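Peer 1: Here it is, the structure in full.
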Amino acid sequence: MNDILPGEIETWQFLEVEARRIFGTYGFSEIRVPLVEKTELFCRSIGETTDIVEKEMYTFNDKSDNSLTLRPEGTAPVIRSFIQNKLHTKDPVAKLYYMGPMFRYERPQKGRYRQFHQIGAEVIGIEDPKIDAQVLTMLAHYFDAVGIKDVELQLNSLGCPECRPAYREALIGFLEARLNALCDDCRRRYRTNPLRVLDCKVPGCKEATIEAPSVLDHLCVGCDEHFNKVQGYLRNVGTPFTINARMVRGLDYYTKTTFEMVTNSLGSQNAVAAGGRYDGLIKDLGGPPLPGIGFAMGVERLVLMKGQGCVEPNRPDLFLAALGDEAACYAFGLMSSLQRRGLHAEMEYEGKSLKAQLRRADKLQARRVLIIGGDELARREAQLRTMESSSQETISLNGIEEFLLAGLTPAP
Ligand code: ATP
Ligand code: MG
């Protein structure tokens, strides 16, 4: 679990602000749900035989002996909230986004942590493949907007309760003939959750399943048509994608369209974002029979790709350096007034030498420095140094606030 420190946080804030801006233009509103839910919510939605539920959850009993779990993902809590607050009675379509920490007890490594952060979005109430294409286009738009290149949108369809059983049987048959080559986990769960084997990262399992039957050859007419239309709409709006028929995702609730945004630049942690359709989930969790689709991006992985320090830290517009108590007192008043009016102003509070003050201005990378000496103050004058042009001029203290504020662009 990491601290996110000044110097790093600027990139995080940039990624968050851009998500709010872009998701907003697609009609999404933010939803904030608790970090803790009843354990049962995740078992029922994510699935008992998934990695998350089998070994990654932070689960504990509270003082009333309720089993609670720190959320390992955002979709189940958002759907729980949607149902509990009967949001469908207010609007048959919900477009929601969230951001915040998630918790999984995993082996920490680059791009994989125990507290990590996701920015995610969900659309509830639309079955039409246009919304699949819209969600994917929004995701691609986001990556463009934040300047993360070197990603590929991979697409698959996992079918529906009508066609998945036949595919499962075909896959189980295939795996049965190769049990010796599979890892213990896969051997144990290939019957209850055969699709998971395709997602197993153990090299032996990968190799043994190269020739596995493809889910795309087993789609029913409805799922096949839906998948084709999604691709058609994506081509229509110019959102690039590739098909990856082996992508099964690590959560049981997915149906039809599933996708990942993958990169080659993060080693084995190659998924930066992932999601899919979950048409049965809302009903399974006790809500109305509404379809849903969504994704989650891993913010740590976005930050790794974007590069820390790519966003400029908060530099002061003005540093006030003062010589003597009287000048310091004047500088303090001027600084406070400028701050109230939206200018990022700083000073050396401890009344050090001019040299020390200028060193501090340098350290903070102040754009301008106003040097106020005692004699100058009496003459209502000061020296304004502009760092970029390394020029210095004498300016009058009369009307100084307006002068300094001129040309100031308001903070976003
Ligand atoms: P992976 O295959 O990398 O384990 P996942 O399939 O478990 O990913 P999802 O549950 O779909 O991931 O979560 C969506 C995104 O959240 C992932 O694509 C990834 O960017 C991020 N993510 C998931 N687990 C972690 C983690 N432990 N640390 C950091 N980011 C994570
Ligand atoms: Mg995982």
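The values are calculated or read from the model by the stated rules, or taken from the named source; none is laboratory data. The structure presented is a predicted model; accordingly, all values stated were derived computationally and were not measured. When we count neighbours, we look across all protein chains shown, and the Cβ atoms used for this are built from the backbone with ideal geometry, even at glycine. In case anyone asks, the SASA skips ligands and DNA or RNA and just uses the protein heavy atoms, side chains included. Shrake-Rupley method; radii C 1.70, N 1.55, O 1.52, S 1.80 Å.
Peer 1: In the stretch 110-121, which residues are away from ligand 2 (no atom under 12 Å from the Cβ), surrounded by fewer than 21 Cβ atoms within 10 Å (Cβ to Cβ) and part of a strand (DSSP E or B)?
Peer 2: Hit for the stretch 110-121 is Q115, nothing else.
Let's see how each residue does on (1) assigned to a loop (DSSP other than H, G, I, E, B); (2) outside the structural domain of D144 (by TED's automatic domain parsing); (3) within 30 Å of R104 (Cβ to Cβ); (4) open to solvent by 60 Å² or more (accessible area, probe 1.4 Å):
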{"site": "R301", "(1), (2), (3), (4)": "no, no, yes, no"}
{"site": "C329", "(1), (2), (3), (4)": "no, yes, no, yes"}
{"site": "Q357", "(1), (2), (3), (4)": "no, yes, no, no"}
{"site": "Q365", "(1), (2), (3), (4)": "yes, yes, no, yes"}
{"site": "V369", "(1), (2), (3), (4)": "no, yes, no, no"}
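Peer 1: Quickly run through the stretch 12-57 and pick out the residues that are of a type in the set (V, I, T) and either more than 30 Å from A145 (Cβ to Cβ) or at pLDDT below 95 (or both).
Peer 2: Selection gives V36, T39, I46, T49, T50, I52, V53.
Peer 1: Give me a count of the residues in the stretch 90-109 that are within 16 Å of ligand 2 (Cβ to nearest atom) and surrounded by 17 or more Cβ atoms within 10 Å (Cβ to Cβ).
Peer 2: 3
Peer 1: Another question about this same structure. At pLDDT below 95 and under 14 Å from the mean Cα position of the chain (by Cα): which single residue out of G111, G120 fits that description?
Peer 2: One residue alone meets the criteria, G111.
Peer 1: Out of the residues in the stretch 210-242 meeting the condition of being out of contact with any Ser or Thr (no Cβ under 8 Å at 6 or more places or on another chain) and within 17 Å of A273 (Cβ to Cβ), tell me which one is farthest from ligand 1 (Cβ to nearest atom).
Peer 2: Step by step, filter the stretch 210-242, then rank; the result is P240.
Peer 1: Hey, does the stretch 146-155 have a residue that's open to solvent by 40 Å² or more (accessible area, probe 1.4 Å), away from ligand 2 (no atom under 16 Å from the Cβ) and aliphatic (A, V, I, L, M)?
Peer 2: yes
Peer 1: Now, a different point. For the stretch 252-277: of the residues being open to solvent by less than 20 Å² (accessible area, probe 1.4 Å) and part of a loop (DSSP other than H, G, I, E, B), which is nearest to ligand 1 (Cβ to nearest atom)?
Peer 2: Across the stretch 252-277, the extreme among qualifying residues is Q269.
Peer 1: Considering R315, R340, which residue is over 30 Å from L266 (Cα atoms), at pLDDT below 95 and within 37 Å of the chain's Cα centre (by Cα)?
Peer 2: It is R315.
Peer 1: Just give me the residues in the stretch 92-105 being more than 23 Å from V17 (Cβ to Cβ), modelled with pLDDT of 95 or more and either assigned to a loop (DSSP other than H, G, I, E, B) or charged (D, E, K, R) (or both), in sequence order.
Peer 2: Correct list: V93, R104, Y105.
Peer 1: A further question on this structure: Of everything in the stretch 271-299, what is in contact with a helix residue (DSSP H, G or I) (Cβ under 7 Å, 6 or more places away or on another chain) and within 16 Å of ligand 2 (Cβ to nearest atom)? Give them in sequence order.
Peer 2: Within the stretch 271-299, V272, A273, F295, V299 meet the criteria.
Peer 1: Next question. With on the phi > 0 side of the Ramachandran plot, among the basic types (K, R) and free of Cβ contacts under 8 Å to residues at least 24 places away in the same chain as the only criterion, which of K90, K86 stands out?
Peer 2: So the residue among K90, K86 that is on the phi > 0 side of the Ramachandran plot, among the basic types (K, R) and free of Cβ contacts under 8 Å to residues at least 24 places away in the same chain is K86.
Peer 1: Would it be correct to say that Y142 is within 13 Å of ligand 1 (Cβ to nearest atom), buried (at least 19 other Cβ atoms within 10 Å of the Cβ) and under 14 Å from the mean Cα position of the chain (by Cα)?
Peer 2: For Y142, the condition - within 13 Å of ligand 1 (Cβ to nearest atom), buried (at least 19 other Cβ atoms within 10 Å of the Cβ) and under 14 Å from the mean Cα position of the chain (by Cα) - is not met.
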